[in-house]
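The values are calculated or read from the model by the stated rules, or taken from the named source; none is laboratory data. All values derive from a computational prediction rather than experimental measurement. For neighbour counting, all protein chains shown are included, and Cβ atoms are generated from backbone atoms with ideal geometry for every residue, glycine included.
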Amino acid sequence: MGRPIVHWEISGHNGPRLQAFYSELFDWKIDSNNPMNYGMATTAESGTINGGICQCEPDRKPMLTFYIHVDDLQKYLDKIGQKGGKTVVPPSPIPGIGDFAMFADPEGNVVGLFKPNMDKN
């Protein structure tokens, strides 16, 4: 069985404007009430992949990406490097949620990897 897509993300230089745009256009519920003002987007009641809409750093390009669930971030980053891709963001924690990393495929598309925190405490 293949690795599932578990999250998507849209970023831009004006996060609140993007959040309002998608919320008003598609009736998505977006909750950005957190320290990073990261907009967690709920797109439907069930059966969908939800995502996030956020503000990127001023020196980064706005982007659209998706995240793939893996069991070992570094193992996949190593495989990606062997296949012609490159690491963009090394394994990094998301406190209380899990860890993520990002890579560029051989054409330069940036994709995320995600490993959830399995600690149920």
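So, of the residues in region 50-107 that are of a type in the set (Asp, Glu) and over 13 Å from the mean Cα position of the chain (by Cα), which turns out to be nearest to Arg3 (Cα to Cα)?
Looking at residues that are of a type in the set (Asp, Glu) and over 13 Å from the mean Cα position of the chain (by Cα), I get Asp71.
Here is a yes/no grid of residues against (1) of a type in the set (Ser, Thr, Tyr); (2) in contact (Cβ under 8 Å) with a residue 12 or more places away in the chain:
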residue	(1), (2)
Asn34	no, no
Thr42	yes, yes
Ile53	no, yes
Leu64	no, yes
Val70	no, yes
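Out of everything in region 35-49 that is of a type in the set (A, V, I, L, M) and surrounded by 12 or more Cβ atoms within 10 Å (Cβ to Cβ), what residue ends up being farthest from the chain's Cα centre (by Cα)? It would help to see each step written out before you state the result.
Residues of region 35-49 that are of a type in the set (A, V, I, L, M), as a first pass: 36, 40-41, 44, 49.
Retained after the next criterion (residues that are surrounded by 12 or more Cβ atoms within 10 Å (Cβ to Cβ)): 40-41, 44, 49.
On the way: Met40: 11, Ala41: 12, Ala44: 18, Ile49: 12 Å.
Ranking the candidates gives Ala44 first.
Examine region 53-64 for a residue that is buried (at least 16 other Cβ atoms within 10 Å of the Cβ), in the same structural domain as Gly2 (by TED's automatic domain parsing), in a strand (DSSP E or B) and polar (S, T, N, Q), and state whether such a residue exists.
The answer is yes; a qualifying residue exists.
Any residue at all in region 11-27 that is in contact with a Cys (Cβ under 6 Å, 6 or more places away or on another chain), crowded, with 17+ Cβ neighbours inside 10 Å and either assigned to a strand (DSSP E or B) or in the same structural domain as Pro116 (by TED's automatic domain parsing) (or both)?
Checked region 11-27: at least one residue is in contact with a Cys (Cβ under 6 Å, 6 or more places away or on another chain), crowded, with 17+ Cβ neighbours inside 10 Å and either assigned to a strand (DSSP E or B) or in the same structural domain as Pro116 (by TED's automatic domain parsing) (or both).
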